[in-house]
Amino acid sequence: MVMNPFNRVRWFHGLFVLAFLLAYFTGDEGERLHVWLGYSLVAFLVIRLFTTLVKVKGFPPLSPTFRPGMAVSAVSRSLVVALLLAISVTVATGLTMVDNARVLGITAAAPANVVAAADEEWAESTIPPWLEQVEDIHELAANTTLTLAGLHVGFLLAFRRRFALNMIPGLANLAQCCSGLAAKIAPMAGISSSATKGTILPER
């Protein structure tokens, strides 16, 4: 069974968002999980770039179109590009702070007591200044990503509400049901039915 192009984008988008949020909230604890979630974000970024380069059906292009009448689309795409760049910086700086060879099991396995001693020695040693700077950039990029995500969602709800609600499975149908229910109840409350139309999912 071939998945509908829009559903494909919706699943990708949902998993991408979930991976970032999990990585964001496991930053202070769950170091191993945090790192592997970072690797998953790398995969999502590569896939998104691939879908743009080969123009996979369903995935909108990333390059903004600055043409008359395309202002909403241009701003929306610009926010997406900014989001992807912020995530890229977050991931790149995060991987810089990690011993990736050991996490991925590329280096030879060492006895547990040796690994524990090495970790303790590292924890007690002075953290290099450059690593502190990278960590600051990592945290700033992560917080910037979260801010841009909020702006992205807010912009879509303001100017492309139907599309935004359709990105969440079941939410658009729920909104339509609520709109229909409101239209049925309105006459009984003495409210004009025209006042309830389009209030949930207006055309933009």
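Can you find, within the stretch 60-99, the residue that is modelled with the lowest pLDDT among those that are within 27 Å of Arg32 (Cβ to Cβ) and among the small types (Gly, Ala, Ser)?
Going through the qualifying residues, I end up with Gly94.
Select from the stretch 100-130 the residues that are modelled with pLDDT of 65 or more and surrounded by 12 or more Cβ atoms within 10 Å (Cβ to Cβ) and write down the one among them that is nearest to Glu31 (Cα to Cα).
First, the residues of the stretch 100-130 that are modelled with pLDDT of 65 or more: 100-106, 128-130.
Retained after the next criterion (residues that are surrounded by 12 or more Cβ atoms within 10 Å (Cβ to Cβ)): 100, 102-104.
On the way: Asn100: 12, Arg102: 13, Val103: 11, Leu104: 14 Å.
Top of the filtered list is Val103.
Looking only at residues in the stretch 52-79 that are touching a residue at least 24 places away in the same chain (Cβ under 8 Å) and crowded, with 17+ Cβ neighbours inside 10 Å, which one is nearest to Arg8 (Cα to Cα)?
Phe59
The values are calculated or read from the model by the stated rules, or taken from the named source; none is laboratory data. Predicted, not measured: the structure shown is a model, and the values here were computed from it. So basically every Cβ, Gly included, is an ideal-geometry build from the backbone, and we count neighbours across all protein chains shown.
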